[in-house]
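Bear in mind that the values in this text are calculations on the coordinates, not laboratory data. Because the structure is predicted, anything quoted here is derived from the model rather than measured. Note that we place each Cβ from the backbone using ideal geometry, even for glycine, and neighbour counts take in every protein chain shown.
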Amino acid sequence: MLKGKKVLLTAGPTYEPIDPVRFIGNHSTGKMGFALAEEFAEKGAEVILVSGPVNLKTFHPQIHTVSVMTADEMFAEVQKYAAEADIWVFAAAVADYKPKQAAGTKIKKDSDSFSIELVKNVDIAATLGKQKKPNQFSVGFALETNNELVHAQQKLQKKNLDMVILNSLQDAGAGFKHDTNKISIVERDKITNFELKAKTAVAQDIVRTIMERMYA
Ligand code: CTP
Ligand code: CA
């Protein structure tokens with residue numbers, strides 16, 4: 001049980017404004033993050049769910065949802081709750097880059113070609129990783145197309161994570177836009193592979209494994 005424990009979770013995409021009516025975003029639905037929030041709450045935890053724009057709602061009394069739009073907003077909210085949380089889960093598909101400057105008025109199609117200068121967004125997981133205390137447990141996600149295990153291990157190190165949930169793109173039915181997912185849990189000294197299953201069942205596998213590691 002996770003009664004008395006606090007979980008900080010990021011979920012969904014971020015939208016980075018180009019002008020008042022356009023943005024850079026991605027296809028994340030937030031389903032995996034919301035399924036995790038529900039499962040943590042079911043196990044008794046109090047959950048702060050910081051979510052980018054999604055079409056999902058949760059009514060669980062132990063889930064407090066904070067809605068954000070951009071990576072900068074997500075980071076600002078995460079910082080408010082990070083110190084008091086026992087578990088951090090970074091399930092959001094944060095945009096890696098944002099327009100250097102959003103136009104104040106709608107951009108007109110005046111020229112034949114057009115480019116936008118992008119700058120790197122804050123890495124929420126990596127920044128938090130630098131302030132992680134020994135009693136805090138942090139979990140990141142990775143979706144890779146090549147050298148998946150090497151990349152997952154690198155993210156584990158670079159972001160000071162205890163666990164990386166590696167999404168497999170090998171199987172049709174896994175990842176964005178699906179209700180199912182196939183994951184491997186990558187830890188410093190161990191890799192556990194799971195079957196393709198519903199995201200709600202994947203959430204159960206993840207939460208169970210975290211509890212085993214933290215409170216075994
Ligand atoms: N993440 C984050 N803030 C960002 C980018 C990523 O918190 N600005 C988190 C994600 O939520 C995820 C983990 O870091 O848990 C890995 O995200 P991923 O996109 O796979 O890694 P990146 O470091 O962005 O590297 P790349 O996209 O180049 O593979
Ligand atoms: Ca990325």
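Some points to look at:
- log10 of Debye I(q)/I(0), alpha-carbon scatterers only, for segment 1-97 at 0.21 Å⁻¹: -0.97
- DSSP loop chymotrypsin sites (Phe, Trp or Tyr not before Pro) with at most 11 other Cβ within 10 Å excluded, longest remaining stretch of the chain: 115-216
- Across all directions, the average projected area of the convex hull around the alpha carbons of segment 52-102 is 4.7 nm².
- Listed pairs K80/K130; K57/K199; K31/K57; K57/K100; K133/K155; K43/K159 exceeding 21 Å between Cα atoms: K57/K100; K43/K159
- Whether segment 63-172 is rounded, prolate or oblate, judged on the alpha carbon gyration tensor where a/c under 1.5 counts as rounded: oblate
- The chain: DSSP helices with Cα axial extent of at least 20 Å and average Kyte-Doolittle hydropathy no lower than -1.0: 199-215
- 10 Å binning of all Cα-Cα separations within segment 121-167, expressed as whole percents from 0 upward: 29, 53, 18, 1
- Whole-number D in µm² s⁻¹ for segment 111-216, Kirkwood Cα-pair radius fed into Stokes-Einstein, 10 °C, 1.306 mPa s: 104
- Computed over the chain: relative contact order in percent, which uses C-alpha pairs under 8 Å that are six or more apart: 20
- Packing around the peptides 157-163, 44-50, taken as the average count of other Cβ atoms within 10 Å per residue, puts them in this order, highest first: 44-50, 157-163.
- 222 nm mean residue ellipticity, helices alone, for the chain (DSSP H n ≥ 4; -39,500 (n - 2.57); rounded to 500): -8000 deg cm²/dmol
- Rg/Rh, computed from the Cα trace of the chain with Rh as the Kirkwood radius, has the value 0.98.
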